[in-house]
C-alpha cells in the first residue's frame, strides 16, 4: 500500500495487469489537484475504485466534468430524463453488460472514461471484471503484433438495435497519454477486420477477442454500495457477471473522448471490399461498403 504525496490517499494495487483501490479520498469534494491525481492513477492502474463514497447525482456530475464533456447514452433510454448525463442501469430492466466490451466504440470518438457509482448491489455476485488491452497487446507474438499494427476494424451498435451507427478504428490503438499500444477490438461491438475477407476476419477477431479475456490480463472487483469505480476506456474492456439474484443498480457518468489513433505507419492495405463484387451472403461486406460509401452520415 502506497501513500499518495498530494492527498495522502492510500493506494493498493489489486492485480498484476491493472486495478487499484484508493482509500482516504472524498470524491464529493474533488478539486483540480485531485483530478490530476486521478488522471495519474488511471495512467498507471487503468481502473481504480474508491469505496465508501457519499456521492449524490450533482457531485457525480461535477466529478465527471473535471475530465471532459459528458454524455448519457446515445442509444438506450435513460430513466433520468432530466439528467441525461447520468445513465442508470438496473438489472431488473436488463442492465447487465455480460459481454466483454469497451464503451461506445461504435462512435467516431468513443468514451474516454466511465465513472460508476454503485447504488444497490446484491450481497454476493454481480462483480465486474476488467482486462488490460495494453497487457494483452504486449503478450502477442512479434509477427502478430506487426500484422495487427496495420489493421483497422468496423464497429457497430447492433447490440442496441442500431447497426446503422458505425465507426472504423485501428485494431491497435496508441494511448495518447502513456504511449502504450492497446488491442482495441471487442466481442460486443466489433464486426470485422476492414482489410480482410469475412472468413479471415472471423478467425482473427475470434482469436483476439478471446485473447484479451485471459485471466492473467484481468482484475475482478466485488462491489459494495457507495463504491465509485473509474476506468479508462481507451485501454480496457469490462464484463459484468450475471450470477446473482435480486436487484443491482448503478449510476454511470461517461466522459466522451478523442478519436482513436493507430500506429503511425499510414494505411498499409485497402479495405477488402473495394472493387469486389460481393455475394448475397456477404452481409458484413455490404455493411462495410455502405459505411465506406456514406461515411459520417451513417455514423450520425
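The values are calculated or read from the model by the stated rules, or taken from the named source; none is laboratory data. Since the structure is predicted, the reported quantities are computational estimates derived from the model, not experimental observations. Glycine gets a Cβ as well: all are built from the backbone with ideal geometry, and neighbour counts include every protein chain shown.
Contact annotation: no residue pair with Cβ atoms under 6 Å, 6 or more positions apart or on different chains, pairs a residue in the stretch 207-225 that is in contact (Cβ under 8 Å) with a residue 24 or more places away in the chain and at positive phi with a partner that is part of a strand (DSSP E or B) and crowded, with 16+ Cβ neighbours inside 10 Å.
Among the residues making up the stretch 2-28, those that are over 22 Å from the mean Cα position of the chain (by Cα) and either modelled with pLDDT under 95 or assigned to a loop (DSSP other than H, G, I, E, B) (or both) are 2, 3, 4, 5, 6, 7, 8, 9, 24, 25, 26. Looking only at residues of the stretch 125-153 that are within 23 Å of residue 268 (Cβ to Cβ) and assigned to a strand (DSSP E or B), we find that the one that is nearest to the chain's Cα centre (by Cα) is 153.
Look at residue 118 and say whether it is crowded, with 22+ Cβ neighbours inside 10 Å and at pLDDT 95 or above. It is true that residue 118 is crowded, with 22+ Cβ neighbours inside 10 Å and at pLDDT 95 or above.
Being at negative phi and not in a helix (DSSP H, G or I) is the filter here; which residues of the stretch 35-52 pass it?
The initial filter retains those residues of the stretch 35-52 that are at negative phi, namely 35-45, 47-51.
Those that are at negative phi and not in a helix (DSSP H, G or I): 47, 48, 49, 50, 51.
Condition check: in contact (Cβ under 8 Å) with a residue 40 or more places away in the chain, within 16 Å of residue 228 (Cα to Cα), part of a loop (DSSP other than H, G, I, E, B) and touching a helix residue (DSSP H, G or I) at 6+ places or on another chain (Cβ under 6 Å). Does residue 55 satisfy that? So residue 55 fits the description; yes.
In the stretch 154-238, counting only strands (runs of 3 or more DSSP E) that sit wholly within it, the ones holding 3 or more residues that are touching a strand residue (DSSP E or B) at 6+ places or on another chain (Cβ under 6 Å) and surrounded by fewer than 23 Cβ atoms within 10 Å (Cβ to Cβ) span 162-170. Among the residues of the stretch 261-296, the one identified as in contact with a helix residue (DSSP H, G or I) (Cβ under 7 Å, 6 or more places away or on another chain), at pLDDT below 80 and under 20 Å from residue 105 (Cβ atoms) is 284.
Out of all the residues in the stretch 40-56, which are surrounded by 14 or more Cβ atoms within 10 Å (Cβ to Cβ) and modelled with pLDDT of 95 or more?
Taking the stretch 40-56 first, the residues surrounded by 14 or more Cβ atoms within 10 Å (Cβ to Cβ) are 41-43, 45-51, 53, 55.
Hits for the stretch 40-56 are 41, 42, 43, 45, 46, 47, 48, 49, 50, 51, 53.
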